[in-house]
Amino acid sequence: MKVLIVGSGGREHAIAWAVARSPKVDKIYCAPGNAGISEYAECVSIGAMEFDRLAEFAEEKGIDLTIIGMDDPLVGGIVDVFESKGLRVFGPRKNAAILEGSKAFSKELMQKYGIPTAGYKTVHSAEEAREALKTTSFPVVLKADGLALGKGVLICNTPEEAEAGVVEIMEDKKFGSAGDQMVIEEFMTGREVSVLSFCDGKTIRPMTSAQDHKRAGDGDTGLNTGGMGTFSPSPFYTEEVDAFCREHIYQKTVDAMRAEGRPFVGIIFFGLMITADGPKVLEYNCRFGDPEAQVVIPRMKNDMIEVMEACVDGKLDEVELSFEDNACVCVVLASEGYPVSYQKGYPIRGLENFKGCDDKFVFHAGTKFDAEGNYVTNGGRVLGVTAKGKTLVEARANAYKATELVQFDNKYMRHDIGKAIDEA
Ligand code: AMP
Ligand code: GLY
């Protein structure tokens with residue numbers, strides 16, 4: 001089988017790693033990919049938003065399955081373009097990817113179908129927002145409706161902060177048309193957990209849980225980033241929480257999307273808050289998390305291709321997922337200064353230490369080859385150093401030990417990934 005993966009980050013590297021292990025696959029392409037991914041896949045320089053070029057490439061090479069890793073192309077309708085040409089593709093169509101693409105849509109869906117989430121109001125203008133904010137309690141959460149690189153969510157502690165947020169999102173249009181509508185949401189407290197799941201439009205199979213660390217600095221300080229590290233499983237995701245989510249959140253979401261004429265095929269990522277009143281949905285995403293994928297995928301025992309094909313064929317009910325009874329921690333090595341400004345192009349040393357290992361991995365997020373064919377840094381997030389262990393504590397120790405094996409000049413990381421484990 002020939003597989004094409006669309007994307008270029010650590011998530012796509014983890015997907016490529018899993019696809020390469022499938023006995024069904026004999027050739028992998030990745031567009032555009034990165035230096036690390038090229039170990040498993042032939043990287044082709046077509047951008048993830050160039051739908052027609054990607055579909056032409058898939059036709060020309062006789063690709064049997066295309067896997068879309070990223071949110072932007074999914075929300076933009078890449079799956080519809082592939083399907084219109086008769087190409088097999090794993091991911092939700094545009095009318096289902098809206099689950100991530102519009103927060104107003106997802107909140108309305110949850111309200112309509114009784115899926116637990118924070119109270120909210122959707123507003124369409126700054127005046128409407130100001131009116132609504134007169135009667136809210138603080139803190140309050142403001143969310144730009146559309147995709148905003150994970151930066152469109154503002155937690156405002158005072159009316160003054162909320163006013164500044166309204167100006168930023170709805171008047172100054174800092175996130176562009178993503179701010180045409182805005183969700184004003186009740187602030188929730190509790191533990192955050194991410195659960196990724198495979199869906200075929202009717203059946204849903206949740207994967208093992210994970211937790212991300214979104215802030216740049218130790219102790220959850222500093223700016224929001226794409227994610228500085230993850231661990232899996234989450235000790236806060238108990239059997240009781242799992243049972244509740246299966247009954248009140250997961251299947252209900254899939255059924256709701258189907259009832260709306262938007263069957264969801266692909267990955268639903270549930271961002272959950274375990275509050276004192278029980279688990280509630282913080283957000284939905286329509287693809288694997290990054291860097292959640294880097295700790296969930298290495299623990300999955302199934303053949304990734306078999307599961308994805310079952311989704312595309314509507315036969316997920318015939319598949320049971322199984323995960324190793326262990327733990328995994330990913331520590332992101334970033335460029336000093338991320339997420340604001342940083343230097344790129346530094347040589348990376350020590351990657352050979354991970355060659356052939358099946359208990360530690362280095363998933364590339366932002367790397368490329370220089371003119372001499374050496375690995376150099378090429379992004380804010382550079383590498384995701386990932387290690388397994390029998391327990392979370394052991395996996396964390398192994399991951400931090402493994403971070404010492406790789407060096408580049410402006411290497412930056414958080415030192416407290418998985419600290420919450422000690423509180424469990
Ligand atoms: P989202 O993109 O909706 O997941 O929001 C990004 C982050 O903002 C989440 O991971 C939470 O840490 C935080 N957040 C979002 N919504 C809420 C809420 N209603 N209450 C508290 N924190 C929230
Ligand atoms: N790690 C969060 C995300 O992928 O959205």
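The values are calculated or read from the model by the stated rules, or taken from the named source; none is laboratory data. Values in this document were obtained by computation on a predicted structure and should not be read as measured data. Positions of Cβ are generated from backbone atoms using ideal geometry, with glycine treated the same way; all protein chains shown enter the neighbour counts. Keep in mind that these areas ignore ligands, DNA and RNA; they rest on the heavy atoms of the full protein, side chains included. Shrake-Rupley method; radii C 1.70, N 1.55, O 1.52, S 1.80 Å.
On the given criteria, is E352 surrounded by fewer than 13 Cβ atoms within 10 Å (Cβ to Cβ), in contact (Cβ under 8 Å) with a residue 24 or more places away in the chain and acidic (D, E)?
No; evaluated as a whole, the condition is false for this residue.
Which number in (1) open to solvent by less than 20 Å² (accessible area, probe 1.4 Å); (2) touching a Phe, Trp or Tyr at 6+ places or on another chain (Cβ under 9 Å); (3) under 20 Å from F288 (Cβ atoms) marks the one condition that A55 misses?
A55 satisfies every listed condition except (3).
Within the range 261-275, work out how many residues are buried (at least 23 other Cβ atoms within 10 Å of the Cβ) and more than 16 Å from ligand 1 (Cβ to nearest atom).
Qualifying residue count for the region: 3.
Would you be able to tell me the number of residues in the range 269-286 that are part of a strand (DSSP E or B), within 13 Å of ligand 2 (Cβ to nearest atom) and of a type outside the set (S, T, Y)?
7
Of everything in the range 84-103, what is among the small types (G, A, S) and open to solvent by less than 10 Å² (accessible area, probe 1.4 Å)? Give them in sequence order.
Correct list: G91, A96, A97.
Based on what the data block shows, is K85 closer than 30 Å to I46 by Cβ, more than 16 Å from ligand 2 (Cβ to nearest atom) and not aromatic (F, W, Y)?
Criteria met by K85.
Go over the candidates G266, G289 one by one and state the one that is of a type outside the set (D, E) and in a loop (DSSP other than H, G, I, E, B). Spell out how you get there, then give the answer.
On the way: G266 fails: in a loop (DSSP other than H, G, I, E, B).
Only one candidate passes the filter, namely G289.
Got a number for residues in the range 13-39 being crowded, with 21+ Cβ neighbours inside 10 Å and either part of a loop (DSSP other than H, G, I, E, B) or without any contact (Cβ under 8 Å) to a residue 40 or more places away in the chain (or both)?
Matching residues across the range 13-39 total 9.
Search the range 302-328 for residues that are more than 25 Å from F231 (Cβ to Cβ) and open to solvent by 20 Å² or more (accessible area, probe 1.4 Å) and pair each with any residue that is part of a loop (DSSP other than H, G, I, E, B) and β-branched (V, I, T) when their beta-carbon atoms are under 8 Å apart and the residues are at least 6 apart or on different chains.
Taking only residues 6 or more apart or on different chains, the pairs are E306/V319; D317/T203.
Which of the helices (runs of 4 or more DSSP H) found entirely inside the range 54-111 contain at least 1 residues meeting this: over 17 Å from F270 (Cβ atoms) and among the acidic types (D, E)?
71-76, 78-84
Quick check on my filter: what residues within the range 192-240 are within 15 Å of ligand 2 (Cβ to nearest atom) and either part of a helix (DSSP H, G or I) or β-branched (V, I, T) (or both)?
Within the range 192-240, V193, V195, T225, T230 meet the criteria.
Have a look at G226, G278 and point out the one that is open to solvent by 10 Å² or more (accessible area, probe 1.4 Å), under 20 Å from the mean Cα position of the chain (by Cα) and within 16 Å of ligand 1 (Cβ to nearest atom).
Numbers: G278 fails: under 20 Å from the mean Cα position of the chain (by Cα).
Step by step, each of G226, G278 is checked, and only G226 is open to solvent by 10 Å² or more (accessible area, probe 1.4 Å), under 20 Å from the mean Cα position of the chain (by Cα) and within 16 Å of ligand 1 (Cβ to nearest atom).
Listed residues R287, R258; which is more than 13 Å from ligand 1 (Cβ to nearest atom), under 24 Å from P73 (Cβ atoms), among the basic types (K, R) and touching an Asp or Glu at 6+ places or on another chain (Cβ under 9 Å)?
R287
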